[in-house]
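The block underneath contains the structure these notes are about, expressed in structure tokens.
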Amino acid sequence: MNKPFAITLNVGSSLENKTGTWRTFRPVYTKRLSPCNNACPAGEDTQGWLFHAESGDYETAWRHLTQENPMPAVMGRVCYHPCEGACNRGKLDSAVGINSVERFLGDEAIKHGWKFAAPAKESGKRVMVVGAGPAGLSAAYQLRRMGHQVVIFEAGPMAGGMMRFGIPKYRLPREVLDAEVQRIVEMGVELKLNAKVDNILTTMKEDKFDAAFLAVGAHIAKRTAIPATESSRILDAVSVLRGMEGADKPMLGRRVVVYGGGNTAIDVARTAKRLGAEEAIIVYRRTREKMPAHDFEVEEALQEGVMVRWLSTIKQVGDGGSITVEKMELDESGKPVPTGEFDTLEADSVILALGQDVDLGLLDGVPDLTFQDGVVQVGDNMMTGYAGIFAGGDMVPSDRTVTVGVGHGKHAARHIDAWLRGSRYEEPGKAELANYEKLNPWYYTDADKTVRPMLDIIRRQSTFDEVQGGLNESNALFEARRCMSCGNCFECDNCYGVCPDNAVIKLGPGKKFEFNYEYCKGCGICAEECPCGAIKMESEAT
Amino acid sequence: MGFQPIKFYQTGTFTVGNRLLPPEQRSVQSGMERANALNSGHRACQGCGEALGARYAIDAAMNASGNKLIAVNATGCLEVFSTPYPETSWQIPWIHSLFGNAPAVATGVAAANRVRARKAGLPDSEVRVIAQGGDGSTTDIGLGCLSGMFERNDDVLYICYDNQAYMNTGVQRSSATPPAARTATTMPVGPEPGNTFGQGKNVPMIAMAHGIPYVATATVADLRDLEYKVTKAMSMRGARYIHIFVPCPLGWGSASNDTIKIARLAKETGLFPVFEAEYGEVVNVSKIRQRQPVEDYLRLQRRFAHLFGKKARLDVIERFQQMAEQNIRNFGLLADEKVTVGFRSSEHRK
Amino acid sequence: MLKQCEGSHAIAEAVALSRPEVVCAYPISPQTHIVEGVGELVKSGALKDCEFINVESEFAAMSVAIGSSAAGARTYTATASQGLLFMVEAIYNASGLGLPIVMTVANRALGAPINIWNDHSDSMSQRDCGWIQLFAETNQEAADLHIQAFKLGEELSLPVMVCMDGFILTHAYERVDIPEQEKVDAFLPPYSPRQVLDPTNPVSIGAMVGPEAFSEVRYLAHAKQMQAIELIPKISREFQDIFGRESGGLIRPYMLDDAETVVIALGSVLGTIKDTIDEMRADGISIGVLGITSFRPFPITAVRRALSHARRIVVLEKSFAVGIGGIVATDVRMALDGLDQRIYTVVAGLGGRNITRSSLHRVFRMAMHDQLEPLHFLDLEWSIINRELDRERATRRSGPIAENILRDVANAAKIG
């Protein structure tokens, strides 16, 4: 077309006008740390694996998850999920059921027989792991992935440690545990059962190990001096729970009193109920608010008929199971103090659930170690004072949970690997936290958390069937999609859409976006309207 | 039924797109193949709501018409920032004639298209026409031509990008300027600062009074609703009108990154009712999702700054709140409420 | 085919024969009969493939025309007087965008005072608008000029006004030769636009042009009108070849050879002037007349050549520039720059005032004897004017002029 001069123009010619020069601030895509990731003791990339679960690609989600934690089916049952406590969605409606999606992924993996890949290359190094609990299994898995030869020495007859001997079946069915242990073994990890290590240095030397990771757990029940007659039946919770794994179940009688206020006390009381006890009474010296056991577990126990005597201590266990209980009251600082008022309970057995100690015998003769409060001290790199010996789990200072143990194992494995290569593992710096204020919550659809099914109450009182059910495929997907992807682009296309200058380039599915700084004027709408806080504005002056 | 929200638990309806949606549920703007009818390099201010609204609307219309679209543009910001010689940002056939005649020019284009279609033996033209302008050209200088186009039921979709004043000439009051707002011709001085209460026109309602097939309002804060309305309008023949609320950082004294937030607040406060009407009858309203006080909306804009601070005018803010309440009542903007405004369906137009 | 018909009807037929695709109009006297006629032809189906649009104003009419022309349709509209003024903004826009719209202006006076009768004030007010302005002397020529106007406008991408005297021509019944469709089709090919709104080849029409290019754009508009100077006679000859009659062109000389005195005029008054000149020639007076058909572009060279032998020129105008005088005369002076000729302006026929042969005789004879003042108002009632001027000098609030004059006219009639 022989167009009229100046008044008629060829389309799209404004591309000559590079409006990027107007900019004083530039948007930059960033990855912020989601609160769930930040809160996870095992260091899971929760947001990262949920991203894959959202698309229904459960295997990729599972593979992403298991880079940090090899036992999602276990974790999806026993973890106290601090991730959910930190979840930004909790400020909107209710936290994403991360734990239940994790369990779903773990169960999917078992159902479909997904395996871990063997390492691509062998390092030629040998590492011994003492203890097949969460920390030991986690360390063995991570070390094996890095190509090291790993031998686990487990003192007990079966792997799992406290996951098997401390957590009741109704919370963690054993076939789930077995499947996840087996998958680690299948990577080429050697598991020696009934192989108590008496002296670590000797074993290391004899079997030519280059390094050792110790995670023997805390299996020795704490006792307290309660005056008791010879005939009184006083047990400890660790033994009772361990006894549940043997052929002969513990004989607890009709009336059981449990002494303590932690999760183990709850576990053992609920176990007693299931073993046929008509009465299972927890005696605890403080109030419910002060109880260290997780409230949901207390609630479940109460539902099942477990009773609790708050603000009470056991003073004496007499003949025929007559227990003297003293009432307590809280002083101004919240500490329980005796009142001098007494009461009597009848019990066929008393189970003490007052905590556990570590058997540190295998460290005898190892120089340069430090101990405090009955546990061994380790550095930031999880190494004890003796070079090449690392430790984790319940035997080092920490919260004693499965999740913490898994985190220790992973953490230690990375340092062991570096140490074996004569270097030091540097923790990658933590990204800025994607707190709620960094989000634009308008964009998230209202969707309440999916409630997991619960086993009905009669069966909970009489069987060891798993109490809490899992999610099915459709509600697991729903739950995964409630994730707000805090701090990490989930390809919602908002930046691409809301830019008045078409200065966002969409790179295609999975490839995310780029800014076109030739035209971006720096208005900042993209950053403001990014639902998940994955764009920040940076001054052009710097 | 009106706009069908996407049942998707993460962001669903609210974001521009979502990698997990099936293709048929994706917005035009989320597509890599979108027309970008108003391309990069235009000279709109940072954070311009009109530039954004225009691309949203025209891209949707391009999609709906199979890229057979002609646009007629009134004089104003959109025209000036998009086509200063020697560069144009438009990627579609586009014409600018005058400030007040875009609807009539569009009528002419539609007539030419119809004749061409008839000569080709087609029942109606495949090439469609959009006319567009700001609130000045729509509610003031071009209202005569707009009314004529409506009355004749010409096959034109007219889109008003309402930024509530004459921005191109330096922020003077229009008949779409809200009360109390500071403009260059309604300065915040004297006993009743800013624009006068009790003035202004409601052009969507005026459009409805013509009984034309389709009238809708929308904001740049709800892309899917906007695209739905443009797409629906393009599926119809005859005169159609869409009034899009587009914040203006320059004229309103708002932060350039607050453009969408302000548009969202306009709807969520009830100050700007979002609805659609067919043949004069309101058929759908977008309910308020998270109700907000008008103050949250007003505070973000320096044109209302004289209502806050030392000599705060709580009485004026209250009048705004009453305006919002009235909209909420009239249009039934809260869940379970019913529309009470509008006209009976104009049967003769159908 | 010869037809005894109203001028407006002939125009409607000529327009229809030109196969317009979009016709839009808003009613204003004396244009109404033309668009009514076209509308009926569209409605009846006689004119096929044409959209007839009743718009809400002249501003809308020209705007619709802009849209349809830009979208590639042959477009026609018509107006007059106040209507022309109401569309002025769009008129400038149409020429600025180079859209070959054809518009009839049924010439009529401009108010206030409101007056529906003929003069040329409306067209003349738009002499600088960038449109080609052709003035018809007769209804035959008006009809022919419309057909030529489409061809001319479309070849140049310029809009064309065909100006014809309101009532005098539009409402006059005359014999007009309405051309056959085949011949019109042979003369006027389908519209092939220079630029068009087309989704398969998109362009942006109507950009904002700043100081860096605006002068060039304006000069190019002038250059196009200069091209029209060449094209208008060419098209007139082509028209003659096909239709066998002379019509259009730049100028129309009559009895010009050796004429000492030459009258210049536009439009239908040329008929009365020619009759007068015939009579004066019979009396042996050396007088002739030059009709200007193309007022824009103004054919400076042709006018200068045609007037080279004249001693004096009388420009008879149906409008004037208040505060200076003749509009056409100013252009004629431009054409005769450097030549030693007396140029008189006679303003006549304003608001429908009759231009009589006797008055013309009188004023031409005065000119011949160089007794005419440079700016003469034909048949002006000086007693009324002087009385009003006196009144105004005496009393500041002397009342509305028009009312006062009407009262004076009535009194004069009684006295008479």
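Only the coordinates and a few stated rules stand behind these numbers; no lab work does. Note that this is a predicted model, so its numbers are computed, not measured. Quick reminder, even Gly has a Cβ in these numbers, built from the backbone with ideal geometry, and neighbours come from all protein chains shown.
Protection proxy ranking, highest mean first, for peptides C:350-359, C:196-205: C:196-205, C:350-359, where packing is the per-residue count of other beta-carbon atoms within 10 Å, averaged. Over the Cα atoms of segment C:54-145, the radius of gyration divided by the Kirkwood radius equals 0.96; this is the Rg/Rh ratio. Rounded, prolate or oblate: which fits segment C:251-377 when a ≥ b ≥ c are the square roots of the eigenvalues of the alpha-carbon gyration tensor, with rounded for a/c under 1.5 and prolate only if a/b beats b/c? Rounded is the answer for segment C:251-377, as its axis ratio a/c remains below 1.5. The Cα-based radius of gyration and maximum Cα-Cα distance (Dmax) for segment A:1-108 are 23.8, 77 Å.
With kT/(6 pi eta Rh) evaluated at 10 °C and eta = 1.306 mPa s, and Rh the Kirkwood radius from Cα pairs, chain C diffuses with a coefficient of 71 µm²/s according to Stokes-Einstein. Counting beta carbons within 10 Å around each of A:VAL498, C:VAL64 and listing the fewest first gives the order A:VAL498, C:VAL64. Among the residues of A:526-535, the average count of other protein chain beta-carbon atoms within 10 Å of the residue beta-carbon is 3. Each Lys and Arg Cβ is given +1 and each Asp and Glu Cβ -1; about its Cα centre, segment A:222-355 then shows a dipole of about 260 debye. Seen from a random direction on average, the alpha-carbon convex hull of chain A projects onto 33.5 square nanometres. Mean per-residue shielding of peptide B:119-129 is 1, counting Cβ atoms of other chains within 10 Å of each Cβ. Mean per-residue shielding of peptide B:28-40 is 5, counting Cβ atoms of other chains within 10 Å of each Cβ.
In segment C:2-243, Rg over Rh equals 0.95, where Rg is the alpha-carbon radius of gyration and Rh the Kirkwood radius from pairwise Cα distances.
Its residue count N fixes a reference of 2.2 N^0.38 Å for the protein assembly as shown, and the Cα radius of gyration divided by that reference is 1.38. Summing charges over neighbours of B:ASN195, with a neighbour being any other residue whose Cβ is under 10 Å away from its Cβ, gives +2 when K and R count +1 and D and E count -1.
Residue order for C:ARG312, B:ARG344, C:ARG333, A:ARG164, fewest other beta carbons within 10 angstrom first, comes to B:ARG344, C:ARG333, C:ARG312, A:ARG164. Looking at segment A:270-342, the GluC sites (Glu not before Pro) that sit in a DSSP loop and have at most 15 other Cβ atoms within 10 Å of their own Cβ are A:GLU278, A:GLU332. Taking every alpha-carbon pair in segment A:222-355 and binning the separations at 5 Å intervals from zero gives 2, 11, 21, 24, 22, 13, 5, 2, 0, 0 percent. Only the Cβ atoms of Lys and Arg (+1) and of Asp and Glu (-1) were treated as charged; on that basis the dipole of chain C about its Cα centre amounts to roughly 820 debye. Largest first, the three principal axis extents of the alpha carbons in segment A:165-256 are 51, 32, 18 Å in whole numbers. GNM on chain C, alpha-carbon springs under 10 angstrom: the most fluctuating residue among C:VAL263, C:VAL209, C:VAL217 is C:VAL209. For segment B:38-138, the set of GluC sites (Glu not before Pro) satisfying both a DSSP loop assignment and a count of at most 16 other C-beta atoms within 10 Å is given as B:GLU126.
Mean residue ellipticity at 222 nm from the helices of the protein assembly as shown, using -39,500 (n - 2.57) per DSSP H segment of n ≥ 4 over the full residue count, to the nearest 500 deg cm²/dmol? When only DSSP H runs of four or more count, the value is -10000 deg cm²/dmol. The residues neighbouring C:HIS171, those whose beta-carbon lies less than 15 Å from its own, together hold a net charge of -3 under the Lys/Arg +1, Asp/Glu -1 convention. Estimated translational diffusion coefficient (Stokes-Einstein, Kirkwood radius over Cα pairs, 20 °C, 1.002 mPa s) of segment B:60-125: 163 µm² per second.
Over all orientations, segment A:123-166 has a Cα convex hull whose mean projected area works out to 2.8 square nanometres.
Each Lys or Arg adds one and each Asp or Glu takes one away; over the other residues whose Cβ falls under 13 Å from the Cβ of C:MET87, this sums to -4.
Cysteine residues of chain A whose Cβ has no partner cysteine Cβ closer than 4.7 Å: A:CYS40, A:CYS79, A:CYS87, A:CYS483, A:CYS486, A:CYS489, A:CYS492, A:CYS499, A:CYS520, A:CYS523, A:CYS530, A:CYS532. Here the Kirkwood formula puts the hydrodynamic radius of segment B:23-339 at 19.7 Å, using every distinct Cα pair. Taking other Cβ atoms within 10 Å as a rough exposure proxy, A:MET454, A:MET291, A:MET383 sort from fewest to most as A:MET454, A:MET383, A:MET291.
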